[in-house]
Amino acid sequence: MITLGIIIVALSIFEIAQMRKKKLKKEIVIYICLAIISFTLGAFYISKPLSKSISRYALDLLERNNQ
Amino acid sequence: MQYMKGKISTHQAILLSLTVIMSPSVRFIPNFTATKAKQAAWVSPAFSFLIIFLFLYVVYAIVDKYQDTPFSEVMNDICGVVIGKILLSLYIIWLTVLTTFYVRYYAERLLTTVMPYINNYLFTVIMLISVAIMVRKSIVALVRMNELMLPIFVLVFVGCFVFSIFKIQVKNFLPVSRLDVIPISKAGIGIVGMWGYLPFIFLFSGMIHSKKDIKKYGLKSVLFLTSVTVPLIAMCIGMLGPKIIETMPIPFFVAVKQISLFDTIERIESIVVTIWIFSDLLLISLFISMLLEMFKSLFRLSDTCSLTGIYCIFLFFLSFYLARDIFELECFSSQIYIYVNVIFLIILPTLVFFVGKLRKKV
């Protein structure tokens, strides 16, 4: 998880610096949102790699509707 | 041929669509059509041809009126800004899951075919880094390279088909009767879910200039798809039989593995795997660049290049959340996602077109 954090922070520093140079304010907000979502998703996956998948949820829902 | 910086011509876009459709079709179509239509599966592309042929007229009408404007803007104009933005958000969610799906399938397919003892994280990371570089530096170069590569791919496919003719058993894809009409149409829907990428790329991509030329190439490309898909299904069913194909994850790969010409030309499956990887690279790069364009349109951004890297990280983790193994992926693909594809690729644009007709905007 620490590695993931370092990768995301390093990439964010590099990209945000470039976006600031170009004065892209909205893009920076979207970027930060995406970075937070990616980190959360990654942290969840690293802590519980064998949790139920999206496909499983969707297939279970389909089975329940068919019954 | 006319070249514009950062843009591709309609002809190049058609070739790009054909390469993009190749990888998912080879994986999905033989298996799905054999499950739905059994021995009559090879007739199902005719049904899909009809649907796509009719849908092309919707595309022609939209392109006629709106020229090179991306469909995200067209939706805003026809349905109003609020509904347009809602539809665009749905498209973003769908395309994100679809891209994730292909990222995961690319890794799983390499695992199941050629490199079973390697961690699939490695494949995914390599693919996403290549895609991130490609999208940042503009995928136009890759699209132009595709112009040279596609004829080679077609040649390889024709070669595979010709070499396999001796092993095809006609009894495997006969008889076909009127009782097969409904199974054929069910199988055809699956093919529509794949071929629909062709008009979709046209409607949504902002990098194509002179979209009007689709009138020249649209029908020809769908005819080409039909003429390639029929032998693809016939080859798999003819060599292996529909019952065996139903249980196989990638029947085309197994069929190609069986090709042996005078015991000298063998193991051509490695060429097929190379083609898949190139096709997947193009497909994922194109979908990510289209996603970034959709973001641009949704949030009124001026430059989305910087979002590529972080979006690839997001896709990496989402791809592992999407399914735990290839069996879940296959079930998800054939039971859910192919129908969702048809809704987003064909039904929604058609609805928008009819709303446009009612409001006299198209």
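Note on residue B:243 and residue B:158: their simple-model spin labels are 3.6 nm apart, each label 7 Å out from Cα toward Cβ. Classify region A:2-66 as rounded, prolate or oblate from the Cα gyration tensor: take a ≥ b ≥ c as the square roots of its eigenvalues, call it rounded if a/c is under 1.5, otherwise prolate when a/b beats b/c and oblate if not. The shape class here is oblate. How far is it, in nm, from the label point at residue B:260 to the one at residue B:215 when both lie 7 Å from their Cα along the line to the Cβ? In this crude spin-label approximation the distance works out to 5.5 nm. Placing +1 on the Cβ of every Lys and Arg and -1 on the Cβ of every Asp and Glu, with nothing else charged, gives the protein assembly as shown a dipole about its Cα centre of roughly 1080 debye. Can you figure out the FRET efficiency of residue A:3 with residue B:68, using R₀ = 30 Å and their beta-carbon distance, to the nearest 0.05? In this case the efficiency is close to 0.10. Residues within the reach of a label modelled at residue B:119 (point 7 angstrom out along Cα to beta-carbon, backbone nitrogen below 18 Å), restricted to region A:33-64, are A:42-51. FRET efficiency for the residue A:64 to residue B:355 pair, using the beta carbon distance and R₀ = 35 Å, is estimated at 0.60. Membrane-span-like helices in chain B: DSSP H runs reaching 30 Å or more (Cα, own axis), mean Kyte hydropathy at least -1.0? Those that clear 30 Å and a mean of -1.0 are B:10-37, B:44-66, B:81-113, B:140-164, B:214-240, B:269-299. Figure note: B:236, B:79 ranked by solvent-accessible area, largest first, 1.4 Å probe, ligands and nucleic acids not counted: B:79, B:236. Counting only aspartates and glutamates at least 8 places from residue A:22 when in the same chain, those with an alpha carbon closer than 20 Å to its own are B:293, B:303. Within region B:36-58, name every residue whose backbone N is under 17 Å away from a label modeled 7 Å from Cα of residue B:177 along the Cβ vector. Residues passing the 17 Å test: B:37-41. Of the residues B:114, B:156, B:82, ranked by 1.4 Å probe accessible area with the largest first, the sequence reads B:82, B:114, B:156. When you restrict to C-alpha pairs under 8 Å that are six or more residues apart and normalise by the size of chain B, the relative contact order lands at 39 percent. Counting Cβ atoms of other protein chains within 10 Å of each residue's Cβ and taking the mean over peptide A:36-42 gives 5.
Compared with the alpha-carbon gap, the fully stretched path from residue B:270 to residue B:61 is longer by 71.0 nm at 0.36 nm per residue.
The values are calculated or read from the model by the stated rules, or taken from the named source; none is laboratory data. The structure displayed is predicted, hence computed values, not measured ones. Backbone-built Cβ (ideal geometry, glycine too); neighbour counts: all protein chains shown. Quick note on the areas: whole protein, heavy atoms, side chains included, nothing else; ligands and nucleic acids left out. Shrake-Rupley method; radii C 1.70, N 1.55, O 1.52, S 1.80 Å.
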